[in-house]
Amino acid sequence: MSTAIRTTTTTIVTRVRDRAAATPDGVAMREKELGIWREVTWAEYWEQVTLVAAALLALGVEPGDRVAVHMENRREWLYCDLGTVAVRGITVGLYPTNPAPEVAYLLGHSGAKVLVAEDQEQVDKALAVADECPALERVVYVEPRGVRGRYSDPRLMAWPDFLALGAEHARAHPEAVAERMAAARPDDPMTLIYTSGTTGPPKGAILTVANIEYAVERLVLGGGFTSPPPSERDLSLSYLPLCHVAERAFTVWYNAAAGVQVNFAESIDTVQANLREVQPTILFGVPRIWEKVLASVEIRVGSATPAKRALTRFWLRVADRIGDALVRNHGNHTPLTRLVYAVGWVMCYRALRERLGMRRVRYAASGAAPIAPDVLKFFMGIGVPMHELYGMTENTAIATGNRPGRVVLGTVGEPHPGVEVRLDEATGEILTRHPGNFAGYWRDPRATADVLDEDGWLHTGDVGEWVETPPRRPGEEPMRHLKITDRMKDIIITAGGKNVAPSEIENALKASPYIKEAVVVGDRRPYLTALIGIEQDTVGEWARRRGLPYTTYRDLSEKPEVRELVQGVVTAVNARFARVEQIKRFAFLPKELDHEDGELTATQKVRRGAIANLFEDLVEGMYRT
Amino acid sequence: MSTGAPPETARPEAAGRPAAARRRARRPGGRPLLYTSYAQDMALLDTRAKKIWFYGIVLAALLASQVLVDDMLSLLAMAYVVAIGAIGLNIVTGYAGQVSLGHAFFLAIGAYTGAAISGDPDGRVLGLGVTSILVWLPAAGLAAALAGVIVAPLATRLRGLYLAIVTLGLVFLGEHIFKEWDQLTGGPGVGRPAAVVELFGLRLDRPGPLGSKEQQLYLLMLVLLVVFAVAARNLARSRIGRGFAAIRDRDIAAEVIGVPLTRYKLLAFAISSFYAGCAGALLYTVTGFFDPGSFNLLMSVQFIAMVLIGGVATISGSIAGALFITLLPRLTRELPALVPVISADTTQTPNVFQVETVLYGLLIVLFLVFEPRGLFGVWIRVRNYWKSWPFSY
């Protein structure tokens, strides 16, 4: 607003710059360091961004050059992302769990010039494959432990040296960064987001400055999700991989555009503890997280003293009723439920939410994968306003969302205002069209042509249907929510010729605290079967209470008692489905699924193809008579 | 507990954020677990509940001076002084883990120093006539601390049971000296007047502007207890306090991680004796007269009982234990009215004094077996029950 060189294009970088000028002492983010949540003010944030930007200029990063970031969620991730955008580079995020071959693929495919790696682990992965990536000129490492003084690769550079380089460049060319920023244009590619790729190698979706500005306008400032829109008073916890579009939106864009204070979790394993400390007001989670919280409540209630157990169980049953009422009323309380909730708040829900770290959550959302409605209902019942969202990388996460007070459970919500969503007449595939549709896949025009047609419609690959809700009061418009059946390519056609959406069955199974993974099999088979992975924490606790000794995950899942327990869950789920959709047999996965072993994608989605190959004998065993 | 706050610049990028150190730490409201600075992490009253309780209890204690009868006030004033002594013993025994049975000896030194400095120069026993509490109270504490420093080298050589026996020896030595030194103590069975309490020219042991003698002394003791307790609590969370805890947990390990054993044990005895000296000097100002025979083994054991019943290595526990032990006789006196079998007459069996003695023993045994963390442990248990609601952990 009051800088020497005015930029014509608004980007997230100019938004941070303007915020730093307006509220230099406001808190932009916090990260836990030696037990203390260190605060970073907007002025400090902006200073770091300009240093990184100048350092990238000094390293010769030209407009359109790629800068890869391979870190857990931390302050430096944001510094690098915004620094790259400031010099009109393209940020490429790598998942911290990516094994070396995938790192090689991503670095090679994107042609990254500079890589910012977090620590020795990531540096090792990069150096192991550096020779396959000729474009890679520099590897900046943030944590010096184990790297500094031990590694002699000339491409390595320590973070402080990197910043010093930036400071030096800024002294020599004080206006260089501002000039480069001023040249930014709306169609500049801003970031490559590699999709997780449940089939085939990951594809890099190009999001431009205009795409992201549209997302900011729709989702953040326009209050596409939250109501009222996010502000500086809101806190969020950043713990999902930042290379995923959802976390990028909730962390980087919410922060830059609305000033939401970002708090970085120490790691994915400490999320529950960090939630308690931070007590965020806006919380986004993937189904796995919500399922895990639900399971942890189950475990902890089960091991509480009898009086507490009885009381909590009672109030959780009440919460279930409140949840039912809320679902009927699209997330709105009736006077009766409000009264019951007030009593329960004093007795249980306030403390329960405090323990879960959701006491102050005013908006919670689930997305990125399908979730069982029961899980959402649990959170609604205890007073966490839960909303399911839908969007994908290719449309900058802009498609539909359940709005506060207009929730229809089991759907992913209504299209955002100004966003065109329709279903393909023939296949039922969901198509979206709006300025947030991506510019194409990086170096893959054929794949781009497959999903973006000439009319500008994005083919999402998801099959859906509309759910009409009659108006609650006369004179109101009826509500039209989108319900997603499944991924198109996941639809199972049984030998009897019946189409079955496996994810609905899988999520119903996964809603049980005892089941972590469920993969329904049955394509071109006479009946449906399932591979089931147990949740070791809850089943272990269950076994312990029964005095059932066990050693390993595999040993536990092979216990006949555990089979009986899971059979009970499967039977209960079967009762809710038509005959052809019932699970006739199931087998236990002998190990926990893992990204490193190629069974899961970086976003913890099951790779069906890999599972079918790896556990072929298990599957075949279920179809042998 | 660790041995010290890690340096601010433990990470290289800290150097790039100069403004952070200068800015006052703040945190978003309603999030007691979100610490944005070490000062918040270490704060004594770190939650609103603690603040409300602390100020509430202090206010209630202040108001009690206007509500309760003088007889009760003098008993409570006595209990507050005893609590100062119990805090002192808890520093050396609870925090630093050096078992001391010689606490009565240090109390005696304080009592006689205070009494001698403020005593009547023309009286029957030794007296210097300096009646200001600002002079004799620190002097009493320092004299006792000096005695503590002399004794401390023993503690660096001995530990556990051996140290307990040696400190027990101190009590016998002291008892003998004070019985024989008639000029200072007045001799056994006779005694001498206690220290004269005068603050800024105002005699607090006579009715004055703040009310009766008991009310004034009660308020004085309350203020002193708060000062001593806060100081001790502050010490416990400091580097020295963490050093004490390290020595208690394992002295060899403490030395390995860099706690100077000799110096810290010396410090523990000196500080503990300072507290004992101050408590000793104040103890008899309420009754006005004391006998050299009071500083016997029973007194040491009573202090040990306060620490054990109240809670080892806790300040609030020490205070609770002191109040409990001091008020116990008053409670047992009420017994004959409730239980007719127990007599108030010393010539009959069972009488209240026997019950009292039995109760001391029984309480120590029961607490050690069922609640080793004392009254404070009971409180922690209750607090955790509600804090972990609706779960159990």
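Just so it is clear, none of the values below were taken in a lab; they were calculated from the coordinates. As the structure is a prediction and not an experimental result, all values here were calculated from the model. Using ideal geometry, Cβ is built from the backbone for each residue, glycine included, and neighbour counts are taken over all protein chains shown.
Applying a threshold of 27 Å to the alpha-carbon distances of A:LYS510/A:LYS559; A:LYS308/A:LYS584; A:LYS377/A:LYS483; A:LYS32/A:LYS203 flags A:LYS308/A:LYS584; A:LYS32/A:LYS203 as lying beyond it. Projected label points at B:LEU63 and B:SER392, each 7 Å from Cα along the beta carbon direction, are separated by 3.9 nanometres.
Computed extension length for A:TYR527-A:THR10: 180.6 nm, one decimal, from 0.36 nm per residue of separation with the Cα-Cα distance subtracted. Modelled spin labels at B:ARG26 and B:ALA344, positioned 7 Å past Cα toward Cβ, are 6.3 nm from each other.
Where in the range B:190-272 are there chymotrypsin sites (Phe, Trp or Tyr not before Pro) that are in a DSSP coil and have at most 12 other Cβ atoms within 10 angstrom of their Cβ? Display every interim value, and only then the final one.
Working: sites: B:PHE200, B:TYR218, B:PHE228, B:PHE244, B:TYR264, B:PHE269; in loops: B:PHE200.
Sites meeting the loop and neighbour criteria: B:PHE200.
Karplus-based coupling profile of the range A:383-396, in residue order and whole Hz: x, 8, x, 9, 9, 9, 10, 9, x, 8, 3, 5, 10, 6, with θ = phi - 60° in 6.51 cos²θ - 1.76 cosθ + 1.60 and x standing for Gly or Pro. Straight-distance candidates among the aspartates and glutamates for linking to B:LYS213, with alpha-carbon spacing under 13 Å and chain neighbours fewer than 8 residues away dropped: B:ASP70, B:ASP71, B:GLU198, B:ASP205. The aspartates and glutamates whose alpha-carbon is closer than 13 Å to the alpha-carbon of B:LYS265, local same-chain residues fewer than 8 away aside, are B:ASP251, B:GLU255.
Taking the range A:113-212, which trypsin sites (Lys or Arg not before Pro) meet the DSSP loop condition and have no more than 13 other C-beta atoms within 10 Å? Can you show the working numbers first?
Working: sites: A:LYS113, A:LYS125, A:ARG138, A:ARG145, A:ARG148, A:ARG150, A:ARG155, A:ARG171, A:ARG180, A:LYS203; in loops: A:LYS113, A:ARG145, A:ARG148, A:ARG150, A:ARG155, A:LYS203.
The qualifying sites are A:ARG145, A:ARG150.
I'd like the mean, over residues of A:31-43, of how many other protein chain beta carbons sit within 10 Å of each residue's own Cβ.
Working: counts 0, 3, 5, 7, 6, 12, 8, 6, 8, 3, 4, 0, 2.
The per-residue average across the peptide is 5.
Close amide-amide hydrogen proximity is noted between A:VAL139 and A:LEU115, A:LEU156, A:MET157, each under 5 Å apart and 5 or more residues distant or on a separate chain (H modeled in the peptide plane; Pro and chain starts excluded). Could you work out, residue by residue across A:270-276, how many beta carbons of other chains sit within 10 Å of that residue's beta carbon, and then give the average as an integer? Averaged over the peptide's residues, the number is 1. Near the amide H of A:VAL260, within less than 5 Å, lie the amide hydrogens of A:ASN255, all on another chain or at least 5 residues away, with H placed in the peptide plane.
Model label points for B:SER238 and A:GLU476, set 7 angstrom from Cα along the Cα-to-Cβ axis, are 6.5 nm apart. Here is the list for the range A:1-98: trypsin sites (Lys or Arg not before Pro) lying in DSSP coil, each with at most 14 other C-beta atoms within 10 angstrom of its C-beta, are A:ARG6. Relative to the longest principal axis of the Cα atoms of chain B, the long axis of helix B:133-157 makes an angle of roughly 70 degrees.
Rounded to the nearest whole Hz, the Karplus-based 3J(HN,Hα) values (6.51 cos²θ - 1.76 cosθ + 1.60, θ = phi - 60°) of the range A:476-492 follow the sequence 8, 6, x, 8, 10, 9, 9, 10, 9, 7, 5, 5, 4, 7, 8, 4, 8, with x at glycine and proline. Oblate is the label for the range A:22-138, because a/c, from the alpha-carbon gyration tensor with a ≥ b ≥ c as root eigenvalues, is 1.5 or above and a/b does not exceed b/c.
Using the alpha carbons of the range B:73-387, what is the convex hull volume per residue in cubic angstrom, as a whole number?
On the way: hull volume 50.5 nm³, N = 315.
Considering the Cα atoms of the range B:73-387, their hull volume per residue is 160 Å³.
Relative contact order, whole percent, for the range B:73-387 stands at 31, derived from Cα pairs under 8 Å and 6 or more residues apart.
Helices of chain A meeting both criteria, an alpha-carbon length of 30 angstrom or more along the long axis and an average Kyte-Doolittle score not below -0.5, with helices taken as full DSSP H segments, are A:306-328. A Förster radius of 35 Å combined with the Cβ-Cβ distance from A:ASP269 to B:ALA231 puts the calculated FRET efficiency at roughly 0.30.
Given axes a ≥ b ≥ c from the Cα gyration tensor, I'd like to know whether the protein assembly as shown is rounded (a/c under 1.5), prolate (a/b larger than b/c) or oblate. Could the numbers behind the result be given before it?
Values: a/c = 2.53, a/b = 1.91, b/c = 1.33.
In terms of gyration-tensor shape, prolate.
Over chain A, Cα pairs under 8 Å with separation of 6+ residues give a relative contact order of 10 percent.
I'd like the FRET efficiency for A:ALA342 and A:GLN567, computed as 1/(1 + (r/R0)^6) with the beta carbon distance as r and R0 of 25 Å, rounded to 0.05. It would help to have the intermediate numbers written out before the result.
Values: r = 40 Å, r/R0 = 1.62.
About 0.05, to the nearest 0.05.
For chain B, the longest principal axis of the Cα atoms and the long axis of helix B:103-118 meet at an angle of about 70 degrees.
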